[in-house]
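Rule-based calculations on the coordinates, nothing more; no lab input. Since the structure is predicted, the reported quantities are computational estimates derived from the model, not experimental observations. Glycine also receives a Cβ, built like all others from the backbone with ideal geometry; neighbour counts cover every protein chain displayed.
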Amino acid sequence: MELAIFVIFAALALVSALVVVLHRDPVKSTLSLVVTLFSTGVLFILLGAPFIGVLQVLVYTGAIVVLFLFVVMLLNLQREARRAEPGGHGQKLFAGLGALAFVAFTGVALWRATAGAETAPLTPDLVDLQSFAADLFGGYLLPFEVVGILLLVAVIAAFIVAKRPEPASGERPAASDPEGPR
Amino acid sequence: MIVPVSWYLVLAAVLFVVGTAGALTRRNGITIFLSIELMLNSVNLTLVGYSRLLEDRTGQIVVLFVLAVAAAEAAVGLALFIALYRHRRTIDLDRVNLMRW
């Protein structure tokens with residue numbers, strides 16, 4: 001049963017990851033990323049981290065990907081996507097070769113490091129949300145607070161960067177604002 | 001049957017490579033960003049896998065921080081793309097080379 005779930009969702013994650021990378025249309029790439037992230041969330045739950053799995057679906061697919069979709073549709077990139085990707089056959093070839101080499105190296109290394117290790121059955125302690133919270137708000141309280149500040153800074157930065165620029169003095173006010181009413 | 005953790009780790013390595021290849025070969029800024037998210041996600045899978053193997057909760061806690069940093073990164077990056085598009089009318093990263101060499 002566990003094996004079946006693993007195979008299904010691993011294959012789903014792999015195929016949708018390939019679609020993310022290979023598809024021309026950014027909207028479809030983004031929607032495919034939802035499938036990848038959801039499948040990985042299921043794998044998290046299989047690995048005995050149900051909280052992380054739920055969080056993955058909530059935060060990643062619920063918030064981050066929606067943000068991506070929002071920007072893709074806001075910028076209306078269809079025209080850009082339709083234009084052929086210029087040249088780059090050599091680049092793609094070498095990227096593919098490098099990818100294969102990396103998979104081979106890390107695959108062998110990970111396999112050798114962990115294949116002998118017998119995977120113990122899940123312990124209730126690893127899945128327990130209460131002790132997870134105790135750890136998070138105990139030993140990791142400072143990083144937790146720092147992450148909170150980081151998010152605040154990111155929100156402010158995003159707002160400032162994406163804000164429509166004030167019509168600067170000395171510039172042509174009409175032409176400097178391409179998003180203006182037409 | 002318990003699925004061995006090494007299978008998860010190899011899957012994570014493959015996903016990471018798919019993301020890397022995408023980030024290196026694509027030109028559309030959004031797609032490169034999606035590839036980076038893919039890479040972060042595969043690292044999360046590795047962390048949770050080792051957390052399971054070593055029966056240590058630290059990996060899961062680090063994943064929580066990675067999620068938060070990914071959210072911050074997405075917010076700032078997408079804001080940059082919006083600003084970029086407003087100025088240059090493109091997010092084709094081959095045509096945005098203002099700060100390249």
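Numbers for the structure displayed
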{"quantity": "Pairwise FRET efficiency - B:V69 versus A:V15, Cβ, R0 = 22 Å, nearest 0.05", "calculated": "0.20"}
{"quantity": "Charge sum, other residues only, whose C-beta stays under 13 Å from A:L122's C-beta, Lys/Arg counted +1 and Asp/Glu -1", "calculated": "-2"}
{"quantity": "A:S131/B:I2 FRET efficiency (R0 22 Å; Cβ-Cβ; nearest 0.05)", "calculated": "0.50"}
{"quantity": "Dipole magnitude of the protein assembly as shown, debye to nearest 20 (Cβ charges: Lys/Arg +1, Asp/Glu -1, about Cα centre)", "calculated": "1360 debye"}
{"quantity": "Förster radius 22 Å - calculated FRET efficiency between A:I149 and B:T58 (Cβ-Cβ, nearest 0.05)", "calculated": "0.50"}
{"quantity": "Viscosity 1.306 mPa s, temperature 10 °C, Stokes-Einstein D of chain B from Kirkwood C-alpha radius, µm²/s", "calculated": "104 µm²/s"}
{"quantity": "Extent along principal axes [Cα atoms of the protein assembly as shown; Å; largest to smallest]", "calculated": "69, 45, 34"}
